[in-house]
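Inspection log for the structure reproduced underneath, given as structure tokens.
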Amino acid sequence: MVARGEVSSILEDYRDLAVVTVCSHSSLQLFHGARQEGFRTIGIAIGKKPPKFYDAFPRAKPDEFFLVDSYEEILDRADELVEKSAVAVPHGSFVEYMGAKSFLKLRLPTFGNRKVLAWESDREKQREWLVGAGIDMPRRFKTPKEIDRPVFVKYYGAKGGKGAFIAKTEAEFREAIKPGQKYTIQEYVVGTRYYIHYFFSPLVEGGYRLSRGSLEMLGIDRRDEANIDEMYKLGASESLIDYGLYPTFVVTGNIPVVLRESLLPTAFDMGERVVEASLDLFGGMIGPFCLETIVTDQLKFKVFEISTRIVAGTNLFISGSPYSDLAEPNMSTGRRIAREIRLAQKKGRLADILS
Ligand code: ATP
């Protein structure tokens with residue numbers, strides 16, 4: 001972990017800040033949003049030449065590409081990014097591809113509180129945090145022997161649903177589990193999924209107030225997952241097993257959704273609890289985060305996971321969402337991050353939002 005004092009001393013020499021992120025996930029939105037707030041942008045790309053698809057999106061193309069051969073190389077060349085006064089904005093792929101351990105060692109001022117990683121990447125600690133905050137999570141089965149109903153099994157880390165599977169019995173679990181990988185077994189919750197995009201600002205004093213700062217809701221999406229979302233077209237999933245077809249949950253895209261309005265107070269209450277608990281546990285989760293929820297027919301939220309940085313579902317709302325529009329038009333999560341950096345800079349509080 002890079003020490004707080006070290007980040008502050010790096011920042012002392014920073015002048016004209018640049019926003020840097022890895023060219024994947026939500027990078028178009030992040031570059032576009034950073035540019036809207038007047039920042040220079042740098043895209044880290046793996047390979048010998050910049051990804052061509054940015055040419056098709058001139059308003060979201062980074063001002064500069066930083067080419068590396070591997071994710072590990074980013075660690076070794078962090079000094080070059082410091083020279084460019086760069087602030088890293090993490091997203092799911094940035095952290096997952098680099099590896100949480102390396103990401104913690106990156107000697108580059110990074111948006112948000114990197115301490116959150118220890119609480120997010122270990123599913124046991126994540127549960128301790130969320131349940132401790134009063135959040136209702138799906139029941140967890142400690143061992144496969146306890147399986148007495150449909151369960152959902154997933155591995156550690158943000159895998160975009162890859163490898164996750166449903167089992168209804170211990171035998172089904174044993175057949176599908178990959179050895180040597182850490183996993184968690186949750187009750188399979190039946191309902192409808194909502195991925196709620198929040199933003200916690202420790203700097204803003206207004207709006208939906210928390211004990212410190214304020215909470216915003218910038219949008220909600222639902223993920224399109226292959227092949228579970230289309231399997232029904234072939235008939236009952238039981239009969240498909242004869243053809244070797246099992247449901248999989250790999251994210252392929254996102255769909256915009258809104259919640260019935262009467263659920264919004266609970267959605268805010270959940271976000272508030274999670275942030276307040278994070279302030280107590282590790283000094284606060286700063287910036288964007290997402291509660292991944294299932295709403296049952298009893299209108300109860302079950303939160304099956306938290307993502308503690310920008311999620312790709314926010315890409316739907318580059319020009320704003322039905323929620324962010326009611327606070328400020330044209331406010332994407334990417335732009336909101338850049339706005340927070342700007343605000344911190346003006347208040348002389350960059351060290352409070354970077355780690
Ligand atoms: P991420 O990249 O968000 O970290 P992941 O690989 O950790 O993804 P999850 O997001 O936890 O996996 O789960 C993938 C998908 O599985 C969800 O989008 C949802 O459709 C389904 N799912 C997860 N947990 C449950 C559950 N307890 N009950 C029912 N469905 C679930």
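The values are calculated or read from the model by the stated rules, or taken from the named source; none is laboratory data. None of these values were measured; they are calculated from a predicted model. Here the Cβ positions follow ideal geometry from the backbone for every residue, glycine too, while neighbour counts run over all protein chains shown.
For beta carbons closer than 6 Å, sequence separation of 6+ or different chains, a first residue in the stretch 207-228 that is polar (S, T, N, Q) and a second that is in a strand (DSSP E or B), the qualifying pairs are Ser214/Ser201; Ser214/Tyr208.
Among the residues that make up the stretch 116-135, is at least one of them within 15 Å of the ligand (Cβ to nearest atom), in contact with a strand residue (DSSP E or B) (Cβ under 9 Å, 6 or more places away or on another chain), assigned to a loop (DSSP other than H, G, I, E, B) and under 23 Å from Tyr198 (Cα atoms)? Within the stretch 116-135, one or more residues are within 15 Å of the ligand (Cβ to nearest atom), in contact with a strand residue (DSSP E or B) (Cβ under 9 Å, 6 or more places away or on another chain), assigned to a loop (DSSP other than H, G, I, E, B) and under 23 Å from Tyr198 (Cα atoms).
Could you grab me the full set of residues in the stretch 211-253 that are among the polar types (S, T, N, Q), surrounded by 14 or more Cβ atoms within 10 Å (Cβ to Cβ) and under 30 Å from Leu279 (Cα atoms)? Residue satisfying the conditions is Ser214 alone. Regarding Val153, is this residue part of a loop (DSSP other than H, G, I, E, B) and either within 11 Å of the ligand (Cβ to nearest atom) or touching a Pro at 6+ places or on another chain (Cβ under 6 Å) (or both)? Answer is no for this residue. For the stretch 185-198, state whether one or more residues are within 21 Å of Glu96 (Cβ to Cβ) and either away from the ligand (no atom under 14 Å from the Cβ) or not in a strand (DSSP E or B) (or both). So far as the stretch 185-198 goes, yes, one or more of its residues are within 21 Å of Glu96 (Cβ to Cβ) and either away from the ligand (no atom under 14 Å from the Cβ) or not in a strand (DSSP E or B) (or both). Of the candidates Leu299, Leu291, the single residue that is within 24 Å of Pro90 (Cβ to Cβ) and at pLDDT 95 or above is Leu291. Filtering the stretch 1-55 to residues that are among the aliphatic types (A, V, I, L, M) and without any contact (Cβ under 8 Å) to a residue 60 or more places away in the chain leaves Ala3, Ile42, Ile44, Ala45, Ile46.
Is one or more of the residues making up the stretch 202-214 at pLDDT 95 or above, in contact with a Pro (Cβ under 7 Å, 6 or more places away or on another chain) and either among the charged types (D, E, K, R) or closer than 26 Å to Gln298 by Cα (or both)? The answer is yes; a qualifying residue exists. Considering each residue of the stretch 167-182 in turn, none proves to be surrounded by 14 or more Cβ atoms within 10 Å (Cβ to Cβ) and within 21 Å of the chain's Cα centre (by Cα).
Of the residues making up the stretch 116-166, those that are among the polar types (S, T, N, Q) and either farther than 28 Å from Glu238 by Cβ or surrounded by 14 or more Cβ atoms within 10 Å (Cβ to Cβ) (or both) are Ser121, Gln126. With respect to (1) in contact with a Ser or Thr (Cβ under 7 Å, 6 or more places away or on another chain); (2) free of Cβ contacts under 8 Å to residues at least 60 places away in the same chain; (3) crowded, with 17+ Cβ neighbours inside 10 Å, the lone exception for Glu187 is condition (1).
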